[in-house]
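The values are calculated or read from the model by the stated rules, or taken from the named source; none is laboratory data. Every value quoted in this text rests on a predicted model; they were computed, and no experiment measured them. For neighbour counting, all protein chains shown are included, and Cβ atoms are generated from backbone atoms with ideal geometry for every residue, glycine included.
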Amino acid sequence: MEPPPAPPLADPHATRKAVLDTKPDAIVHQATALAGLIDFRHFDQSFTQTNRLRTEGTDALLAAAEAAGVGRFRRPELRLPSVRTRGRAD
């Protein structure tokens, strides 16, 4: 069975409807808007949509999952090495 197209996560009503209609056992949220991202000089502008997905989209998806009785919800985090951790990602 082909999964349904992903709803625009910034629209809580569309997200709720999609989750209620499909009744998933689990949700893995990995949505980003990073396709074609090449302007690293303007991070704030480049990441605007992704930041909305990570905040508003996550809130909408969590509310929809709760309403549908979804038992598992996972949102993997991206961890990059930093100077403070001396190259370790933890």
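For region 16-54, residues that are outside any strand (DSSP E or B) and modelled with pLDDT of 90 or more total 10.
If you go through region 21-59 and keep only what is loosely packed, with under 13 Cβ neighbours inside 10 Å and hydrophobic (A, V, I, L, M, F, W, C), you end up with ALA26, VAL28, LEU34, ALA35, ILE38, PHE40, PHE43.
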